[in-house]
Amino acid sequence: MNLPGITLDSVTLEYPCGTRALDSVNLHIAGGSAFGIVGPNGAGKSTLLNQICGYSLPTRGQVRIGDLPIERRTLDKIRALIGVVFQHADDQLFQTRVVDDVGFGLHNRGIPHAQAETVSREMLQRFGLTPIAEKSPFNLSSGQKRFAALCGVLVLNPQVLLLDEPTSDLDPRNRRQFLDTFRSLSMTRLVISHDLDFVWDSCENVAILDAGKVVAQGPTREILQNEILLRKHHLELPLRLQVR
């Protein structure tokens, strides 16, 4: 299967007050690849994610998933292609049982309840989460919530996966498991993260976003070793490089 890439052509988002949240952003993420977006707080990373999801549309420029432009008329098709794991798992978990949360998207697609529950339980089993299937999501650990939210996205078989700060609340063991899972996925993946070590381990290419502009992009190992570039944009070397 040819997986769709993500393309941003001169994407600008300007608020009515005149503030530019994004300024002529140009990016191309190859289909099937893993790409990282890093930058300081307030750089526009989450705003960029919202553009790719179609949650908001640019003032100028265009975002495409494969050959499909993100416009009001195409939003249903776009959202069928994309899965999003938000920074805070509580934003995605709201049912009384974890298995119902995982199956929520399937129900919305008209899948019969029994079939949706079977598929959801299979997805939970894949991640060793069968013991929490009947639990309330509000009684889970941060790591369990993160994986439950991921299950609720993967069960829909998206061709593009977007993740916002996926390791922000994970302990080392869960972080390693999440990294292994991320690497095993075959869809197009875009991760926004302050965890530069995670990006180093998981993404072939990376872009630095600062003040709404892409200030650098290229191979991850090249960009994230450039200490002068990183410091200029209020970032630090990955911890593994600091130790060395």
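Considering the range 60-77, the residues that are in a loop (DSSP other than H, G, I, E, B) and acidic (D, E) include one that is surrounded by the fewest Cβ atoms within 10 Å (Cβ to Cβ), namely D67. When we screen A133, A148 for residues that are in contact with a Pro (Cβ under 8 Å, 6 or more places away or on another chain) and either within 23 Å of S33 (Cβ to Cβ) or small (G, A, S) (or both), the only hit is A148.
Look at (1) surrounded by fewer than 19 Cβ atoms within 10 Å (Cβ to Cβ); (2) in contact with a helix residue (DSSP H, G or I) (Cβ under 7 Å, 6 or more places away or on another chain); (3) modelled with pLDDT under 90 and you find that Q92 fails only one, number (1). Taken together, V85, V102 contain a single residue that is crowded, with 16+ Cβ neighbours inside 10 Å, at pLDDT below 95, closer than 20 Å to C203 by Cα and of a type outside the set (D, E), which is V85. Among the residues of the range 27-77, those identified as under 25 Å from R231 (Cα atoms) and over 16 Å from the mean Cα position of the chain (by Cα) are P40, N41, G42, A43.
The set of residues from the range 12-54 being of a type in the set (G, A, S) and either under 20 Å from R72 (Cβ atoms) or out of contact with any strand residue (DSSP E or B) (no Cβ under 8 Å at 6 or more places or on another chain) (or both) comprises G18, A21, G42, G54. Of everything in the range 117-147 that is out of contact with any Leu (no Cβ under 6 Å at 6 or more places or on another chain) and small (G, A, S), the residue that is surrounded by the most Cβ atoms within 10 Å (Cβ to Cβ) is S120.
The values are calculated or read from the model by the stated rules, or taken from the named source; none is laboratory data. Nothing here was measured: the structure is a model prediction, and the numbers come from that model. When we count neighbours, we look across all protein chains shown, and the Cβ atoms used for this are built from the backbone with ideal geometry, even at glycine.
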